[in-house]
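Participant: This is the structure I have questions about; it appears just below.
The values are calculated or read from the model by the stated rules, or taken from the named source; none is laboratory data. This structure is a prediction, so every number in the text was calculated from the model and none was measured. Don't worry about glycine lacking a Cβ; one is built from the backbone with ideal geometry, like all the others, and counts go over all protein chains shown. Ligands, DNA and RNA are stripped out before the accessible areas are found, and what is left, the full protein with its side chains, is counted by its heavy atoms. Shrake-Rupley method; radii C 1.70, N 1.55, O 1.52, S 1.80 Å.
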Amino acid sequence: EAQVTQNPRYLITVTGKKLTVTCSQNMNHEYMSWYRQDPGLGLRQIYYSMNVEVTDKGDVPEGYKVSRKEKRNFPLILESPSPNQTSLYFCASSTGGAQPQHFGDGTRLSIL
Amino acid sequence: QKEVEQNSGPLSVPEGAIASLNCTYSDRVSQSFFWYRQYSGKSPELIMSIYSNGDKEDGRFTAQLNKASQYVSLLIRDSQPSDSATYLCAVNMKGNNRLAFGKGNQVVVIP
């Protein structure tokens, strides 16, 4: 089954404790992306990757890091999480930046 | 101007009626346009893609694109309670490197 898998689905943690949200896709897609979704603000892109070792900033990259060492994986790293990063996060993949994106089930992150 | 705007507030429609959603975008060279449906607490799900001016129909859904006026719309015919969700408009930006999303429109279908 074609899918984008994110882990964990839910996480409650404290300020400053580094965390990683993993994302993996099995569709051999070149393009992967991370979004956060907040009430009243909609979906905002954090980072995207056009291919292995090619990443670029989206709309709200501050406080986040990503890496794309393998085509299937695109982890999101919060080096020093803060409460304003409490949000619902989605990973997505597609064949290209202008193509329909397939979303993972989401990760609800709470930073206390 | 925001990249993608969906200005309408929550839309309540009776079951069986037509729901109409509108979206405007800022980038004149955008070529790809999508409508996603998102149920509460779930991930966005693609329901329509449109790339050329005019109408595209898929079941009870019709997407309409007007590049000259920079708007794209979605019609839901014979609305069902299962159509109650938030609908997100997405448009490609910056030379096809990314999609920009509108904030979404909530649709409530009243039985």
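Participant: Looking at A:PHE74, is it at pLDDT 95 or above and within 23 Å of B:THR86 (Cα to Cα)?
Facilitator: No.
Participant: Return the residues of region B:80-108 that are within 12 Å of chain A (Cβ to nearest Cβ), touching a Pro at 6+ places or on another chain (Cβ under 7 Å) and either open to solvent by less than 40 Å² (accessible area, probe 1.4 Å) or β-branched (Val, Ile, Thr) (or both); say none if nothing qualifies.
Facilitator: B:LEU88
Participant: Please give the strands (runs of 3 or more DSSP E) falling wholly within region B:12-79 in which 1 or more residues are within 14 Å of chain A (Cβ to nearest Cβ) and more than 10 Å from the chain's Cα centre (by Cα).
Facilitator: Passing ranges, in order: B:19-25, B:33-38, B:45-50, B:54-58.
Participant: Same structure, new question: Quick check on A:PHE74: is it open to solvent by less than 10 Å² (accessible area, probe 1.4 Å) and farther than 27 Å from B:VAL29 by Cα?
Facilitator: The answer is yes for A:PHE74.
Participant: Going through region A:33-57 one residue at a time, which ones are open to solvent by less than 50 Å² (accessible area, probe 1.4 Å) and more than 12 Å from the chain's Cα centre (by Cα)?
Facilitator: Once the filter is applied, which keeps residues that are open to solvent by less than 50 Å² (accessible area, probe 1.4 Å) and more than 12 Å from the chain's Cα centre (by Cα), region A:33-57 yields A:ASP38, A:GLY42.
Participant: Do we have any residue at all in region A:93-101 that's open to solvent by less than 10 Å² (accessible area, probe 1.4 Å), under 18 Å from A:GLN37 (Cα atoms) and at pLDDT 95 or above?
Facilitator: yes
Participant: Only one of these conditions is not met by A:GLY16: (1) farther than 25 Å from B:THR86 by Cα; (2) open to solvent by 60 Å² or more (accessible area, probe 1.4 Å); (3) over 15 Å from the mean Cα position of the chain (by Cα). Which number is it?
Facilitator: Here A:GLY16 clears every test but (2).
Participant: In chain A, which strands (runs of 3 or more DSSP E) lie fully inside it and hold 2 or more residues that are within 11 Å of another protein chain (Cβ to nearest Cβ), without any contact (Cβ under 8 Å) to a residue 24 or more places away in the chain and not small (Gly, Ala, Ser)?
Facilitator: Because the criterion is at least 2 residues that are within 11 Å of another protein chain (Cβ to nearest Cβ), without any contact (Cβ under 8 Å) to a residue 24 or more places away in the chain and not small (Gly, Ala, Ser), the strands (runs of 3 or more DSSP E) in chain A that meet it are A:42-51, A:54-57.
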